[in-house]
1. May I ask you to verify whether Leu128 is away from the ligand (no atom under 12 Å from the Cβ), touching a strand residue (DSSP E or B) at 6+ places or on another chain (Cβ under 7 Å) and at pLDDT 95 or above?
2. Scanning the stretch 148-160 for residues that are open to solvent by 30 Å² or more (accessible area, probe 1.4 Å) and in contact (Cβ under 8 Å) with a residue 60 or more places away in the chain, which turns out nearest to Ile26 (Cα to Cα)?
3. Would you mention how many residues in the stretch 117-137 are part of a loop (DSSP other than H, G, I, E, B) and under 16 Å from the mean Cα position of the chain (by Cα)?
4. Are any of the residues in the stretch 133-144 within 15 Å of the ligand (Cβ to nearest atom), surrounded by fewer than 22 Cβ atoms within 10 Å (Cβ to Cβ) and among the aromatic types (Phe, Trp, Tyr)?
5. Kindly list, by first and then second residue, each pair from a residue in the stretch 116-145 that is at positive phi to a residue that is outside any strand (DSSP E or B), limited to pairs with Cβ atoms under 8 Å and residues at least 6 apart or on different chains.
6. On the given criteria, is Tyr165 buried (at least 21 other Cβ atoms within 10 Å of the Cβ) and under 12 Å from Phe10 (Cβ atoms)?
7. Pick out the one residue from Phe10, Phe38 that is within 16 Å of the ligand (Cβ to nearest atom), among the aromatic types (Phe, Trp, Tyr) and at pLDDT 95 or above.
8. Does the stretch 157-169 include one or more residues that are more than 12 Å from the ligand (Cβ to nearest atom) and part of a strand (DSSP E or B)?
Amino acid sequence: MHNDVEKILFSEDEIRNAVAALGKRIAADVSGNGTPLFIGILKGSFIFMADLVRETGINCEMDFMIAKSYGNSTVSSGTVNIVKDISADITGRDVIVVEDILDTARTLAAVKELLLSRSPASVKICTLLDKVTAKRVSDLKADYKCFDVGNEFVVGYGLDYAEKYRNLKYIGVLKREVYEK
Ligand code: PRP
């Protein structure tokens, strides 16, 4: 275990099993409106996305977005800025948005609204972690998720603190002294 990590919340094996199960579920749900498009929200989703799309075993395409949100949790979803948009045309297609963590839901609410304005067949939200204790600014809910988490500061498997720890193979709780120093 990394020295800055207090405990492991989800091990490499637990993540692999959960992602495999989710991939199969998504594959079974895809309706057949052309080739489904997975959209990863960078950077946090990149490892989850890479594993998830391989676990679906279906014909699919991938694209990525970068969304930056500003302000505190009481600010509405209007404060999200799409820094990098997808290049794919999503008209009439099934879209699955892949995120590492759903917290206030500000980011995904804005992303979903933007995508829906482009007339896709469907937009589903898939998150690795759902922060169940979060103050939501939107009533958006995940269609697919791997795990619920509480208020701990989680890192690993794509999730960072100050851009570090994304490459940990597990999801762990960061020691308080690391982010309070
Ligand atoms: C994190 C995370 C989500 C968002 C979730 O991104 O990856 O995109 O915050 O929070 P919300 O539900 O309150 O909007 P971050 O801005 O830390 O960027 P990163 O993905 O590059 O780490």
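The values are calculated or read from the model by the stated rules, or taken from the named source; none is laboratory data. Computed from a prediction, not measured in an experiment: that's the story for all the values here. Methodologically, a virtual Cβ is constructed for each residue, glycine included, from the backbone with ideal geometry; neighbour enumeration extends over all protein chains shown. Accessible surface is based on the protein model in full, side chains and every heavy atom, while ligands, DNA and RNA are left aside. Shrake-Rupley method; radii C 1.70, N 1.55, O 1.52, S 1.80 Å.
1. No: the conditions fail for Leu128.
2. The residue in question is Asp160.
3. 3
4. Checked the stretch 133-144: no residue is within 15 Å of the ligand (Cβ to nearest atom), surrounded by fewer than 22 Cβ atoms within 10 Å (Cβ to Cβ) and among the aromatic types (Phe, Trp, Tyr).
5. Ser119/Ile90; Ser119/Thr91; Ser119/Gly92
6. no
7. Phe38
8. The answer is no; no qualifying residue exists.
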